[in-house]
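Structure, as structure tokens:
The values are calculated or read from the model by the stated rules, or taken from the named source; none is laboratory data. Since the model is a prediction, treat every value here as computed from it, not as a measurement. Positions of Cβ are generated from backbone atoms using ideal geometry, with glycine treated the same way; all protein chains shown enter the neighbour counts. Protein only, heavy atoms only, side chains kept; ligands, DNA and RNA dropped before computing areas. Shrake-Rupley method; radii C 1.70, N 1.55, O 1.52, S 1.80 Å.
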Amino acid sequence: MATTDAIKVLKERGFFSQCTDEAGLIEKLKEPTRFYCGFDPTGPSLHCGHLVPVFAMAHMQRAGHLPVVLVGGGTARIGDPSGKTEMRQMLTIDQIKSNVEEFKKQLGNFITFEDGGAIIADNADWLAPLNYIDFLRDIGRHFSVNRMLTFEAYKKRMETGLSFIEFNYQLLQSYDFLELNRKYNCSLQIGGDDQWGNIVAGMELIRRIERKESFGLTFNLVARSDGKKMGKTEKGAVFLNKEMTSVYDLYQYWRNVDDADVGKFLKLFTFLPVDECERLGALEGAEINAAKEILAFEFTKIIHGEDDAVTAREAARAAFKSGGTADKSGMPSIEYSITQMKEGINIVDLFTETGLCPSKSESRRLVSQNGAAVNDEKINDVNTIINETFITSDNDILLKAGKKRFFRIVIK
RNA sequence: GGGGAGGUUCCCGAGUGGUCAAAGGGGGCAGACUGUAAAUCUGUUACUUCGGUUUCGAAGGUUCAAAUCCUUCUCUCCCCA
């Protein structure tokens, strides 16, 4: 199989941070190469913060290489201290198993597993049966604690406390690389920049035990220009599972990125050609809204498919461009019977019931601070009763909390 | 094992008997301004049937009254062994 220059693609698109032997790796990548990236299934779904390495894997696969997706069913049972200040919460084995299944499914949106184009592995297969004494003797002896303590990831934790179990993470990840190298001849590990230390440790282990050369490549840790973590909102992570984050909310997350991030995100989180991404990201003023719409649409399409992406886009347009005839069906909604509406519901209760506000206090606050609107009319009297007189010609009632959160009550 | 310092509302961090649902900052939310942007300014930020109710690591206790005092437990950090 022919390969294209994967490093070049990753550099152009803003993924590339550093690699262990660039010249050697470029040479290596002239042939189809097995590479791996690990994901610890510590949650029930992938979220947007996981995606830089995922997109990178997809680009590498398109360049002709063979991804080995490593799901950390074993390592999820402990925690990686890299870049974290808290210890990971322990999960049950059943939780991890179900997380692993979900991860596999979601990764299929990016990586093609057909015809042996990619392999999926779970490190629980070799980590779980490990014998402690054997592991210490065969693997542990290759690690110097002195050296490990010099790693940035551990330094931070020296202040707040680092448990022995987490300290071992590097050994396990190194062992993963060794194991994948033996099993699948996997000679390249990729990951976020915070994984540098772990990747290098794995390479050293392979060199010592197998006397083989391997490579490491890391990606920039992407932060939003406002400094927040990628894919996080106040309400939590933006998940790829549509039960957890609705298609509409996912779309809106990307629709609302900062101007400064648009070009960068198009390159990282869509498959549009680089020059197109750059053109869109360079748009000025209000015009960049068009680029944000493309970003949100393209991203949503990759995750949930074109139909859902169109629905989300139309719903967003309907919400933000009042008076349009666009399709509102993708908007978050709830059904109410006409009987219920005739009885009427207090506005504060209504905003709470629809989930626009988490509590009545907050709902009351929203209304009294002039942040609530029904059918685009501001309502600031907390005693207002919403009844059938509010039903529009579309047979619905449109609630709005603040400027961006919409909810549609469909009357049936 | 011994000694010390701590655990406060989303986060950091004040508070050492009533004036504390708890200063200040961050973050969030809302309003103004806008382009579903950023920046800025303003308000707001436990729950509530608006009578109250629950909150300061956990459980008891003292008191008219406790985040604040006492007891036990628990977790974290530091020093010694």
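Quick notes on this structure:
- Count of the range A:348-371 residues which are more than 8 Å from RNA strand B (Cβ to nearest atom) and hydroxyl-bearing (S, T, Y): 2
- Looking at A:E298, A:E306, just one residue is loosely packed, with under 15 Cβ neighbours inside 10 Å and either more than 25 Å from A:D396 (Cβ to Cβ) or touching a residue at least 24 places away in the same chain (Cβ under 8 Å) (or both), and that residue is A:E306.
- Selected residue (only one of A:N131, A:N123 is touching a Leu at 6+ places or on another chain (Cβ under 7 Å), under 21 Å from A:A76 (Cβ atoms), open to solvent by less than 90 Å² (accessible area, probe 1.4 Å) and away from RNA strand B (no atom under 16 Å from the Cβ)): A:N123
- Residue satisfying condition, being open to solvent by less than 40 Å² (accessible area, probe 1.4 Å), modelled with pLDDT under 85 and more than 26 Å from the chain's Cα centre (by Cα), within set A:G140, A:G161: A:G161
- When the test is whether a residue is within 16 Å of RNA strand B (Cβ to nearest atom) and touching a Ser or Thr at 6+ places or on another chain (Cβ under 7 Å), A:D194 does not pass it.
- A:R365 falls short on exactly one of the conditions (1) in a helix (DSSP H, G or I); (2) under 23 Å from A:R255 (Cβ atoms), and that condition is (2).
- Of the listed requirements (1) in contact with a Lys or Arg (Cβ under 8 Å, 6 or more places away or on another chain); (2) open to solvent by 40 Å² or more (accessible area, probe 1.4 Å); (3) among the basic types (K, R), A:K292 misses just one: (2).
- When residues of the range A:375-400 are limited to those that are in contact with a strand residue (DSSP E or B) (Cβ under 6 Å, 6 or more places away or on another chain) and within 22 Å of A:Q252 (Cβ to Cβ), the one nearest to RNA strand B (Cβ to nearest atom): A:K400
- Scanning the range A:134-171 for residues that are β-branched (V, I, T) and within 12 Å of RNA strand B (Cβ to nearest atom) yields A:T160, A:I165.
- Residues (closer than 29 Å to A:R313 by Cα, assigned to a helix (DSSP H, G or I) and either without any contact (Cβ under 8 Å) to a residue 12 or more places away in the chain or not aliphatic (A, V, I, L, M) (or both)) located in the range A:350-361: A:F351, A:T352, A:E353
- Tally, over the range A:309-329, of residues that are open to solvent by less than 20 Å² (accessible area, probe 1.4 Å) and more than 10 Å from RNA strand B (Cβ to nearest atom): 1
- Residue list for the range A:200-258, restricted to those being assigned to a strand (DSSP E or B), of a type in the set (V, I, T) and within 16 Å of RNA strand B (Cβ to nearest atom): A:T233
- Subset of the range A:330-341 (residues that are surrounded by 13 or more Cβ atoms within 10 Å (Cβ to Cβ) and part of a helix (DSSP H, G or I)): A:Q340, A:M341
- Here A:D249 fulfils each of the conditions (1) under 23 Å from A:F406 (Cβ atoms); (2) modelled with pLDDT of 95 or more apart from (2).
- Of the helices (runs of 4 or more DSSP H) that lie entirely inside the range A:135-190, those containing 3 or more residues that are among the polar types (S, T, N, Q) and either assigned by TED's automatic domain parsing to the domain that holds A:L29 or free of Cβ contacts under 8 Å to residues at least 12 places away in the same chain (or both) span A:169-184.
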